[in-house]
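A short worksheet on the structure shown next.
The values are calculated or read from the model by the stated rules, or taken from the named source; none is laboratory data. The shown structure was predicted, so the numbers you read here are calculated from the model rather than taken from an experiment. We place every Cβ from the backbone using ideal geometry, glycine too, and count neighbours over all the protein chains shown. With ligands, DNA and RNA removed, areas are computed over all heavy atoms of the protein, side chains included. Shrake-Rupley method; radii C 1.70, N 1.55, O 1.52, S 1.80 Å.
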Amino acid sequence: MLPRSRTLPSRIHHGAVEERHDIRHYLQVEVQPKVTESEAINPQSNYSKCFDDDGRLKRTGTFWTATSHIITAVIGSGVLSLAWAIAQLGWVAGPIVLALFAIVNLYTSNLLSMCYRAGDPVTGQRNYTYMDAVKANLGGRKVMLCGLVQYLNLFGVAIGYTIASSVSMMAIKRSNCYHKSGGKDPCHMSSNGYMITFGIIEVIFSQIKDFNEVWWLSIVAAIMSFTYSTVGLGLGIGKVAGNGDFKGSLLGISIGTVTHSGAVVTSTEKMWRTMQALGAIAFAYSYSLVLIEIQDTIRSPPAEHKTMKKATIFSITVTTVFYMLCGCFGYAAFGDLAPGNLLTGFGFYNPYWLLDIANVAIVVHLVGAFQVFCQPLFAFVEKWSAQKWPKSDFVTAEYDIPIPFYGVYQLNLFRLVWRTMFVILTTLISLLLPFFNDIVGILGAFGFWPLTVYFPVEMYIAQQKIERWSSRWLGLQILSVSCLLVSIVAAVGSVAGVVLDLKTYKPFKTTY
């Protein structure tokens, strides 16, 4: 029998109320026994080998599982738009901006990992979610503000990944169509069926009960992300070698350039594109919104923040190298006409079978990344519902369903209905707004400052009791305000991009 989900409180199982000692009230920090540092470092002296210091089942996550979760969350569809982003910024600003975003994310992620435990990072009370950490360190209205931003962003990421997966599915179909016709058929097609297919797949995988059970999917997804990133890099290098030179300019796309759609880039559009590029790069590094949830899977000793810091440094270093290579070689290959999606831009070139492999890898990766981002949202709604209706069989009861070659699956009707409705809703919105680059930019702008910078900085200041107007406090505030300005600029550019796209858009009739 599978272990029960840690996200639900007391519930009815086989007609009996099952007491859960590991859940407290909705949006409240859970009361846990206080421990000394020696007890935290050596929990076996006071606790069962089956339980951690908070009474929950012992966590089993390691440096490698945390790294796979981070890489799955970070190297997502965002990497495919980096060549386009660098094309807007140019050879000077592009790599510099990419490096700066990496440094900021690395620094603020380490600040956030220190807030997993309230007070002392080794012996303090655990915070199981991002919202728990904000409540323990900041409290007040900031908790609800954090929850609103975090869960709206998770919802938006699900939409972005649905769009990205459909683009890659179509790239496979169009590549083979174009190859068979010898280049005579333009192979235009609708994205609707592919988004619906991805939605059906996610309905099935969304029945995985909690974050701890998606570790294997994260590992598969991380491998897939390296697969398609490597293919994209290799094709970029090959095209540069074939051209015999590097394309592009120091300041990015030139005014007067005719794009793939036939539009001419004006000075105003150049400004919008530059702003939107900042949002695309911010989205490429967005994983802070699930950092605490990832850290809550890590076993100790050593202290969780130490393992998380190592995993963060390793993951962001690896992804930044990939980002630099993919973005720069993609720009060098295509110049000002770098496509919004790197691999679909290569779509009609040989070797088409290699592109098919890469796009299959993208789809597999996005299936896993969708779950990594959505599991915290699923857990939040299910915890709230179980607290609201603790005596409802529909919400809290679980039923053992034997599955051949798998074992016993514990079916919860509310989980089945709510998660299915969630996937249906994200799929419908994706069908209505299939603008990959614009959606990516908006998501990056919307989530970057509050979740990646503001809350980690404010929680760290509160936890470390840093005095106002001290040099350290001023430095952190300057960082926060600077990133806020970047987010505002990126949001404006991305919204302008959506407005331009809507001028020629027809609902449910988008073709590529």
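Annotations
- For the set Lys209/Lys310; Lys209/Lys391; Lys49/Lys465; Lys180/Lys247; Lys180/Lys239; Lys209/Lys309, the pairs lying more than 24 angstrom apart at their alpha carbons are Lys209/Lys310; Lys49/Lys465; Lys180/Lys247; Lys209/Lys309.
- Each other residue within a Cβ distance under 9 Å of Gln207 adds +1 if Lys or Arg and -1 if Asp or Glu, for a net charge of +3.
- Ranked packing of 465-475, 170-180, 384-394, most packed first, by mean Cβ within 10 Å: 170-180, 384-394, 465-475
- For the listed peptides 360-370, 318-328, a ranking on the average number of other beta carbons within 10 Å per residue, highest first, reads 360-370, 318-328.
- Accessible-area composition of region 263-327, carbon plus sulfur, in percent [1.4 Å probe]: 70
- When peptides 286-293, 402-409 are ranked by their average number of other Cβ atoms within 10 Å per residue, the highest-first order is 286-293, 402-409.
- Average accessible surface area per residue within region 249-318, 1.4 Å rolling probe, Å²: 39
- Virtual spin-label span in nm between Tyr406 and Ile96, 7 Å along Cα→Cβ: 5.3
- Net charge in the neighbourhood of Leu474 (other residues with Cβ under 15 Å of its Cβ; Lys, Arg +1, Asp, Glu -1) is 0.
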